[in-house]
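*Asks:* Before I ask anything, let me first share the structure, which is written out below as C-alpha cells.
FYI, it's all coordinate maths here, none of it is from the lab. Since this is a predicted model, take the numbers as computed values, not measurements. Cβ coordinates were reconstructed from backbone atoms using ideal geometry, including for glycine residues, and neighbour counts include every protein chain displayed.
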C-alpha cells in the first residue's frame with residue numbers, strides 16, 4: 001500500500017491509534033503485566049494479606065516441594081487434563097463431522113449441544129450432583145437397569161475425579177464442536193470429490209484429507225482446551241470442595257484455598273506461578289511441535 | 001465428469017453416511033438432553049417425590065412452590081438483579097473497549113503495532129489465578145471489596161479474547177469504505193462510528209452475547225470480592241445455597257433453572273452471530 005510518510009500525519013495517526021487503544025493499554029498494564037510482576041514478587045514473600053510482605057527467598061517453593069496437598073492438586077489437574085481434553089476433542093470432532101452435511105433439522109442439534117456450553121458451570125454442576133447422587137441419581141439408576149456396577153461417584157475417592165471429568169466433557173462438547181464444524185466447512189469440497197474419484201474410501205478420506213486440512217483448527221482447540229482445563233475450579237467448588245480426601249483438589253482450587261481462605265497470599269502466588277510456568281511450557285511445546293502436524297493452506 | 005453409475009454409487013454412500021450421522025446425533029442429543037430434562041422435571045417436584053425409585057420422570061402436577069421458596073430462603077431477587085447489573089455493564093464495557101482496541105490493532109498504523117498485538121495474544125495464556133491476587137490488592141486499596149465495581153470496572157479495560165475477536169472481524173471488511181470516508185474529510189473517530197460500526201453489528205452482537213454469558217456465569221471473581229449476601233451474583237449465591245440445602249434437590253434445581261434460563265434465551269436470540277463469533281475467534285492464523 002502506498003502511504004505518504006509525512007511526519008505530521010504519522011504523529012496524528014499514532015495519536016488517534018493510541019486514543020482508540022487507551023482503555024486496552026491501561027487494562028494490559030494494570031490488570032495483566034503489572035500483576036504478573038507483582039505476583040512474581042509476592043511468591044518470594046510471606047505476605048498474609050494484612051501486614052507488610054517480608055522477602056523469604058525460595059522458602060515458598062521449597063515448602064511446595066514438600067507439600068503433599070500441592071502434589072495431589074498438581075496430579076489431579078494433570079489427570080483431569082489428560083482425560084478430559086482428548087475425550088472432549090474426539091467426541092466433539094465426531095459430532096461435528098456428523099453435523100457437517102445438509103440434512104433437515106441439523107441446526108436444531110447444534111443448538112441443543114450448545115445449551116450446556118452457555119449454562120453456568122455452577123448450575124450444571126448442581127445438576128450433575130443430582131444425576132450422580134449414589135441413592136437417588138439417574139446415573140446409578142440407569143446403570144442398575146442395565147445390570148452394570150454402580151458407584152458412589154462424588155463420594156468415592158477413586159470415582160470423584162472421573163465423575164467431574166464426565167460432567168466437564170458433557171458441558172464443553174458444544175464449544176469444540178462449533179470450532180470443528182467451522183474448520184470442516186472450510187475444507188474445499190473439490191478435494192473430497194477428487195479423492196473419491198481416485199477411489200479413496202471413507203477412512204482414507206478422513207486420514208488423508210479431513211485430518212490434515214483440519215489440523216489448524218485441531219491445534220487451536222487443543223491449546224485452548226488445555227489452557228482452560230488447567231484452570232478447572234467451579235465444578236470442584238460446587239460439588240466436592242476438593243474432596244473426598246483431596247481426590248478432586250485442583251491447582252486453582254488450592255490457590256483459592258491458600259490465598260483467600262487461609263490468607264497465605266505469598267504461598268498462593270507461588271502455586272499460581274507454578275501453574276503459569278506449566279502452562280507456558282505446554283503451550284511452547286505445542287508451538288514447537290505444531291510444525292510436524294499442522295498444515296496451513 | 002462422473003457417469004450415471006458412479007453418481008448413484010456416491011449418493012447411496014452419502015445416504016448411508018447420513019443415516020449413520022443421524023443416528024449418532026440423535027443418540028448424542030439424548031445424552032446431552034437427559035440431564036437438562038431431569039433438571040426441569042425435578043424443579044417442579046415436591047420434595048418427597050425427588051426420592052422415588054423408579055424415578056418420577058414427569059410429575060403429574062406442576063408445583064411452582066420451589067421457585068417461590070428459592071426467593072424466600074435466600075435473597076434470590078437481589079441476586080438476580082446483581083447478576084443482571086454486573087453482566088449488562090460488564091458486557092457493555094467489553095464491547096466498548098474491545099471494539100475500539102480491536103479496530104486500532106486491525107486497521108490503524110502506529111508504532112509497535114505488531115509487538116503490541118502479539119503481547120495481547122500472549123496474555124491469553126496467563127491464568128487468571130496468576131494475576132488475581134495483585135488485582136485483589138488494587139481493588140482493596142480502591143475500597144472495592146464488597147462492591148460490584150471490582151467486577152464491572154475491569155470489563156471496561158479490554159481483554160485479549162474480545163480484542164482478538166473484533167480484530168479478526170475488522171480484517172474481513174474491505175479497505176475501500178474507510179478510504180472513501182477519509183477522502184471526504186472524516187476523522188478516524190467519525191470513520192469508526194459512522195462507517196465501521198454499522199457494518200460490525202454481527203460481531204458486536206457476538207461479543208456482547210459471549211461476554212454477557214461469561215459475566216453471568218462467572219463464579220471465581222464474585223466469590224473473591226463479594227461476601228455480603230445482598231451483593232452476591234447468582235452463581236455464588238447458588239453455590240452457598242447448596243451448602244445450606246444440600247439434599248433439597250427440587251429447590252436447587254429450581255434455582256439452577258432460574259440461573260440458566262436467561263442465558264439460554266440470549267443464546268437462542270443471538271445464536272447465529274454467537275456461533276460465527278466463536279468460529280471467527282479460531283482464526284489464529286493472524
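*Asks:* With an 8 Å cut-off on Cα pairs and a minimum separation of 6 or more residues, tell me the relative contact order of chain B in percent.
*Replies:* 30 percent
*Asks:* Relative contact order of segment A:97-227, please, whole-number percent, based on alpha carbon pairs below 8 angstrom and at least 6 residues apart.
*Replies:* Relative contact order, segment A:97-227: 23 percent.
*Asks:* Cα gyration tensor of chain B, axes a ≥ b ≥ c as square roots of the eigenvalues: rounded (a/c below 1.5), prolate (a/b > b/c) or oblate?
*Replies:* Oblate, since a/c reaches 1.5 and b/c is not below a/b.
*Asks:* Now a separate question. In nm, what is the difference between 0.36 nm times the number of residues separating residue B:149 and residue B:23 and their Cα-Cα distance?
*Replies:* Length gained, residue B:149 through residue B:23: 40.5 nm.
*Asks:* Per DSSP helix of 4 or more residues, -39500 (n - 2.57); summed, then divided by the residues of the protein assembly as shown. What does that give at 222 nm, rounded to the nearest 500? Don't skip to the answer; put the middle values down first.
*Replies:* Numbers: 26 runs with 395 residues, N = 583.
So the calculated ellipticity at 222 nm is -22000 deg cm²/dmol.
*Asks:* Moving to a separate point now. What spacing in nm lies between the two simple spin-label points modelled at residue B:229 and residue A:59, each 7 Å away from Cα in the Cβ direction?
*Replies:* 4.0 nm
*Asks:* Let me ask you something else. Quick check: Cα centre of segment B:112-166 to Cα centre of segment B:56-90, how many Å?
*Replies:* When both Cα centres are located, 31 Å separates them.
*Asks:* Compute the distance in nm between two label points, each set 7 Å from the Cα along the Cα-to-Cβ direction, one at residue B:111 and one at residue A:150.
*Replies:* 7.1 nm
*Asks:* Mind running the shape call on segment A:14-162? Use the C-alpha gyration tensor, a ≥ b ≥ c as the square roots of the eigenvalues: rounded below 1.5 for a/c, prolate if a/b tops b/c, oblate otherwise.
*Replies:* Since a/c reaches 1.5 but b/c is at least a/b, the shape of segment A:14-162 is classed as oblate.
*Asks:* Restricting to Cα pairs below 8 Å that are 6+ residues apart, what does the relative contact order work out to for chain A? Please round to a whole percent.
*Replies:* Worked out over chain A, it gives 27 percent.
*Asks:* Would you mind ranking A:254, A:80 so that the residue whose beta carbon has the fewest other beta carbons within 10 Å leads the list?
*Replies:* So the residues, fewest neighbours to most, are A:80, A:254.
*Asks:* Using the Cα gyration tensor of segment A:66-293, with a ≥ b ≥ c the square roots of its eigenvalues, what is the shape: rounded (a/c below 1.5), prolate (a/b larger than b/c) or oblate (neither)?
*Replies:* The shape class here is oblate.
*Asks:* On a C-alpha basis, how far is the centre of segment A:70-108 from the centre of segment A:1-67 in Å? Whole number, if you could?
*Replies:* The two parts, judged by their Cα centres, are 34 Å apart.
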